[in-house]
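Novice: Here's a structure for you.
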Amino acid sequence: MLVIRSVVFNVLFYLNLLVQLIAALPTLVMPRWGILAVARFWARTNLWLLRAICGIKVEFRGLGKIPSGPLLVASKHQSLWETFALLLIVPDPAYIMKRELMWIPFFGWYAWKAGMISVDRSKGSQALADMNACVRQELARNRQIVIFPEGTRRPPGAEPKYKYGVAHLYAGMDVPCLPVALNSGLFWPRRAIRRYPGTVRVEVLDPIQPGLDKDLFFEQLQHEIEGATARLVAEGERELASGTASASFASTP
């Protein structure tokens with residue numbers, strides 16, 4: 001049943017994505033809020049599908065710690081899940097993403113319209129300078145910059161590989177950095193078709209105020225995200241091991 005539910009979800013997930021991409025075409029001639037509204041609706045429908053079909057719930061913790069105004073949001077990255085779910089907790093997000101994603105038809109158009117920030121990794125140090133300039137521009141618009149400091153998805157328990165670019169960004173922007181921990185990879189593993197019932201937990205941690213030394217910030221960010229992530233992963237593993245999520249879902253009429 002797990003495989004069947006996972007396949008059904010994946011089919012509906014991509015059908016939902018296709019429908020939303022077509023429905024969003026009018027937003028290309030609307031202000032930015034138009035495409036962000038569609039993206040949030042898409043995120044909510046994804047969470048509903050996950051709960052209804054796969055028995056995957058979500059618990060957000062620490063939302064009251066999110067400060068108003070411009071800031072950096074540095075999130076752990078284990079799954080595709082957080083790329084859409086974080087849209088629901090950040091008022092006006094601008095994701096930092098690799099340039100190649102902007103070339104995808106429809107998706108790239110909407111990412112451009114939403115003011116997402118693309119990075120050309122082939123440019124080396126110039127890419128960092130270009131990214132900083134774009135980030136500064138979006139922060140001046142009172143936006144929140146979402147960055148995955150490891151640059152790619154890392155499975156739960158894997159050795160962290162944070163890129164130093166987040167420290168350069170923090171040092172140059174004079175805004176708080178909001179660390180975010182999660183355990184999504186337990187229930188929506190990367191490069192896998194199966195979706196496991198349980199509770200994805202996302203924890204917003206205390207903001208790191210501007211002004212720290214870059215190296216100290218980089219060390220503190222990793223320590224806080226990894227410590228909280230390990231705790232959330234342990235909670236999720238206990239849930240999976242106990243079978244309570246599966247049993248609860250199986251008994252649902």
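Novice: Quick one: among V58, V166, V202, which has the greatest mean-square fluctuation in a GNM of the chain with alpha-carbon springs under 10 angstrom?
Specialist: V58
Novice: Bin width 5 Å, origin at 0, all Cα-Cα pairs of segment 7-61: what percent of pairs per bin?
Specialist: Spelled out bin by bin, segment 7-61 gives 4, 18, 25, 20, 15, 11, 6, 1 percent.
Novice: Taking Rh as the Kirkwood radius, which is the inverse of the mean 1/r over Cα pairs, what is the Rg/Rh value for segment 153-253? Write down the numbers at each step before the final one.
Specialist: Values: Rg = 16.7 Å, Rh = 15.3 Å.
Looking at segment 153-253, the ratio lands at 1.09.
Novice: Okay, moving on. Please name whichever of W188, N16, G62 sits farthest to the positive end of the charge dipole of segment 2-250, dipole taken about the Cα centre and charges placed at Cβ: Lys and Arg +1, Asp and Glu -1.
Specialist: N16
Novice: For an R0 of 51 angstrom, estimate the FRET efficiency from the Cβ-Cβ distance between Q126 and R238 and round to the nearest 0.05.
Specialist: On the way: r = 46 Å, r/R0 = 0.91.
Working from the Cβ atoms, E equals 0.65.
Novice: Something else now. Helix by helix through the chain, keep the DSSP H runs that span 20 Å or more along the axis on Cα and average at least 1.6 on Kyte-Doolittle, and give those back in order. It would help to have the intermediate numbers written out before the result.
Specialist: Working: long enough: 2-23 (31 Å, 1.96); 32-49 (26 Å, 0.42); 125-140 (23 Å, 0.04); 214-242 (42 Å, -0.46).
Length and hydropathy pass: 2-23.
Novice: If you average the sequence gap of Cα pairs under 8 Å that are 6 or more apart and divide by the length of the chain, what percent do you get for the contact order? Write down the numbers at each step before the final one.
Specialist: On the way: 404 pairs, mean separation 63.9, N = 253.
Relative contact order for the chain comes out at 25 percent.
Novice: Step by step: find N for segment 2-250, compute 2.2 N^0.38 Å, then divide the Cα radius of gyration by it. What's the final number? Present the calculation step by step, with values, prior to reporting the outcome.
Specialist: Details: Rg = 18.0 Å, N = 249, 2.2 N^0.38 = 17.9 Å.
In units of the globular-protein estimate, segment 2-250 measures up at 1.01.
Novice: Beta carbons within 10 angstrom, averaged per residue: use that to sort the peptides 190-196, 48-54, highest first.
Specialist: On the way: 190-196: 15.0, 48-54: 17.4.
Packing proxy ranking, top to bottom: 48-54, 190-196.
Novice: Rank by packing, highest mean first: peptides 129-136, 98-105, with packing defined as the count of other Cβ atoms within 10 Å averaged across residues.
Specialist: Values: 129-136: 16.8, 98-105: 12.4.
Top to bottom by mean Cβ count within 10 Å: 129-136, 98-105.
Novice: Using the Cα centre as the reference, give the magnitude of the dipole from point charges on the C-beta atoms of segment 2-250 (Lys, Arg: +1; Asp, Glu: -1; all else neutral), rounded to the nearest 20 debye. Let's see the in-between values first.
Specialist: Details: 29 positive and 20 negative charges, 168 e Å.
Dipole about the Cα centre, nearest 20: 800 debye.
Novice: Here's another thing I want to ask about it. Return the subset of K113/K163; K65/K214; K163/K214 for which the Cα-Cα distance in this structure is over 21 Å, preserving the input order.
Specialist: Details: K113/K163 27 Å; K65/K214 23 Å; K163/K214 12 Å.
The pairs that break the limit, which is 21 Å between Cα atoms, are K113/K163; K65/K214.
A short reminder: the numbers here are calculations on the coordinates, not readings from a lab. Quantities reported herein were computed from a predicted structural model and do not represent experimental measurements. FYI the Cβ positions are ideal-geometry reconstructions off the backbone, even for glycines, and counts take in every protein chain you see.
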